[in-house]
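Below: the structure, in structure tokens.
What follows is calculated from the coordinates using simple rules that are stated; it is not laboratory data. Since the structure is predicted, the reported quantities are computational estimates derived from the model, not experimental observations.
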Amino acid sequence: MPRFISITFLILVALTGCSWANKTITLEQVVSAIQKEGIELVSEEVGPNRILVNVQPQLFSLSNSGDKTIKEYIYIYIYDTEKNAKQAEIDQQFDTTAATFLYNYRHKNTLIVYSSQKKNDRHNEQIEAVLKKL
């Protein structure tokens, strides 16, 4: 009998762990976490050429950029599965000019693409901190 209880307990722990690991992240969670890191987001219209693995991203411009002449954007893709987010990162090939730099950040079912007209990583630590908290 104790062996049966131990096996049942282990199965429940495994199932609980699996369901926790597969928890999907929502757009609201990502936006809230980014804002808590001090990045101000302004919602923008996004064109149809940004669809990756059948998902249209939510596009935000960064309003707290130090230099107002440099445009910075964050594309947030939320997928049903982590597998689709991985595939989107592989498929991601934005049509960009030579003056545009892209940085990809993927966590679970989320892909964030940071786009800037100037090569910089000033938001790198903030975005990575966001993903660690999700």
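Below, the figures for the structure above:
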quantity	calculated
Exceeding the 25 Å Cα-Cα cut-off - candidates K23/K119; K23/K71; K23/K83; K23/K86	K23/K119; K23/K71
Diffusion coefficient, µm² s⁻¹, Stokes-Einstein with Kirkwood Rh over alpha-carbon pairs of segment 25-89 at 10 °C and 1.306 mPa s	123
Mean separation of Cα contacts under 8 Å, 6 or more apart, over the residue count of segment 82-134: relative contact order %	32
